[in-house]
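Down below is the structure, laid out as structure tokens.
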Amino acid sequence: MSEQLSRQQNKIQPDWWSKTLAGVVLGLFLSYGLVALFAWFGPDNLTASLSNERALWRVQFNMWLITPIWLCVIAFVYLFKSGKVAWLKLGLANVFVYSVWVLLRSTL
């Protein structure tokens, strides 16, 4: 009996709406934050002096990088145990990414 109860508690809950909204909203902001970290502190960062052609390529690459990250978050958001857990963990991931970004930007 306790094994069956334990399985029910560990089961992934079908909170489709809350999980989807968490993935769409918080996933978008998370992808923005990750791309901001890459854009500012990756190779050929935004503070480097680049030719016009290289700068345009860099901006386009950063812009198009948002979509695959966002889609990965949306795809994997359904693996969270519940919608509340999805909002909590994606929210914490956003706080962490933006905190790292602000911390690194303040050292420039």
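The values are calculated or read from the model by the stated rules, or taken from the named source; none is laboratory data. Since this is a predicted model, take the numbers as computed values, not measurements. Don't worry about glycine lacking a Cβ; one is built from the backbone with ideal geometry, like all the others, and counts go over all protein chains shown. With ligands, DNA and RNA removed, areas are computed over all heavy atoms of the protein, side chains included. Shrake-Rupley method; radii C 1.70, N 1.55, O 1.52, S 1.80 Å.
In the range 68-86, the residues that are at negative phi and touching a residue at least 60 places away in the same chain (Cβ under 8 Å) reach residues that are open to solvent by 30 Å² or more (accessible area, probe 1.4 Å) and aromatic (Phe, Trp, Tyr) with C-beta atoms within less than 7 angstrom, at least six apart or across chains, in these pairs: ALA86/PHE80. Taking the range 87-104 as the range and being hydrophobic (A, V, I, L, M, F, W, C), closer than 12 Å to GLY27 by Cβ and either more than 12 Å from the chain's Cα centre (by Cα) or open to solvent by 90 Å² or more (accessible area, probe 1.4 Å) (or both) as the test, only TRP87 passes.
Could you list, in sequence order, the residues of the range 40-88 that are of a type in the set (A, V, I, L, M, F, W, C) and modelled with pLDDT under 85? Of everything in the range 40-88, those that are of a type in the set (A, V, I, L, M, F, W, C) and modelled with pLDDT under 85 turn out to be PHE41, LEU46, ALA48, LEU50, ALA55, LEU56, TRP57, VAL59. Against the conditions (1) open to solvent by 90 Å² or more (accessible area, probe 1.4 Å); (2) in contact (Cβ under 8 Å) with a residue 24 or more places away in the chain, THR107 satisfies every one except (2). How do the pairs read when you match residues in the range 15-37 that are surrounded by 19 or more Cβ atoms within 10 Å (Cβ to Cβ) with residues anywhere that are not in a helix (DSSP H, G or I), using Cβ under 6 Å and keeping only pairs 6 or more apart or on different chains? Listed by first residue and then by second, the contacts come to ASP15/SER82.
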